Amino acid sequence: MRLIIQLLLLSCLALSTAACAHTQQQTTEFKKFAREMAKKHNFNADQVERLLIGTTFRDDIIAAITRPAESKAWHEYRPIFLKPDRVAGGVEFWRQNEALLASVSKQYGVPAEIIVAIIGVETRYGKHTGRYRVLDALTTLAFGYPKRSDFFRRELEQFLLLTREEGVDRDSAMGSYAGAMGMPQFISSSYRRYAVDHDGDGRRDLWNSKADIIASVASYFKTHGWKPNQPITLLTNGGEGLQTFVDAGMKPSIKLGKLLAKGVRPLNGETPAADSLTSLVKLDAGDKDEFWLGLHNFYVITRYNHSNLYAMAVYQLSQQIHAAKMTAETSR
């Protein structure tokens, strides 16, 4: 063991400051985790321990997770995703997978444009699926980021189970700095729970199988309660004295009638029934604040990434992709 650690420390000198070897405390934790995997899931403890010792601790991963894009204001966050090339890419992805998207959308009740927008926001339709080894990312966060170590230890456990079940190469699988994988960027627990083998080849492949990728996104939304043919969000006129409603949180818990009584009115679409539950989403648009109704399906989008900014980006991108596709079809 001492020799292995010494070799890792020596190799660290050849790496950038973004990567280094593990501390003695971390290697002790590796041993404990390995024993847990052996006891709970019948893994070989020695093999798991060696696997973790062979990973690289990444300081750049710690830096990335402490400054997520979702910490930005809406007027800064929106331009990251609402760009002409991402809209055009969505139209092209939809065109290439038209029949598959139509079939999956009908089966799961999730609009094709929402599925496309998720993949567009996450990985630019598969162009950027991650530059970190998943094993390095999860080990770094599980044993080097105390704020969320419990969560990432569970994800590391789920990843090792996933590699055993799906034949994913645990040594070469690449993903995001948080260990999200494939074209739709599923974390390990979501991969195991929501991914589907839509092409029927016996594997759930979120890197290469468009059928599995598209159906898995739809499966995720259906499982989280997506309601077909229901509105997602509506822009309102806003008003004064609304902060209490904003502070009520993302989950729809406010009867719309209470907002209507405060003078809040939707500016687009049909007004839902007064007893409908909603949240009130406040977005910093730069020169003003925008207030949106966060209806049930908007909340479902936040289950993919727990952020109103994320859900709004997905929604608005989906609308732009749909509009561009319709325009392209009518101009043929």
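No lab work stands behind these numbers, since they all come straight from the coordinates. Bear in mind the structure is a predicted one, so any value in this text is a computation, not a measurement. Using ideal geometry, Cβ is built from the backbone for each residue, glycine included, and neighbour counts are taken over all protein chains shown.
The table that follows gives values for the structure above.
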read-out: Space enclosed by the convex hull of the alpha-carbon atoms of region 107-235, per residue, Å³; value: 121 Å³
read-out: Amide H contacts under 5 Å for Tyr132, placed H, 5+ residues apart; value: Gly175
read-out: Greater than 30 Å apart at Cα, pairs in Lys147/Lys288; Lys83/Lys222; Lys147/Lys258; Lys147/Lys262; Lys32/Lys72; Lys72/Lys106; value: Lys147/Lys288; Lys147/Lys258; Lys147/Lys262; Lys32/Lys72; Lys72/Lys106
read-out: Cα-derived Rg to Rh of region 17-140, Kirkwood definition; value: 1.13
read-out: Using alpha-carbon coordinates, inclination of helix 210-223 to the longest axis of the chain, degrees; value: 70 degrees
read-out: Helix-derived mean residue ellipticity, 222 nm - over the chain, DSSP H n ≥ 4, -39500 (n - 2.57), to 500; value: -16500 deg cm²/dmol
read-out: For the chain, radius of gyration divided by Kirkwood radius, i.e. Rg to Rh on alpha-carbons; value: 1.02
read-out: Likely footprinting exposure, Lys262, Lys147, fewest C-beta neighbours within 10 Å first; value: Lys147, Lys262
read-out: Reachable aspartates and glutamates, given that their alpha-carbon falls under 13 Å from the alpha-carbon of Lys31 and they are not under 8 places away in the same chain; value: Asp46, Glu49
read-out: Partners for Lys127 among aspartates and glutamates (Cα-Cα distance below 18 Å; same-chain residues under 8 apart left out); value: Asp85, Glu92, Asp205, Asp212
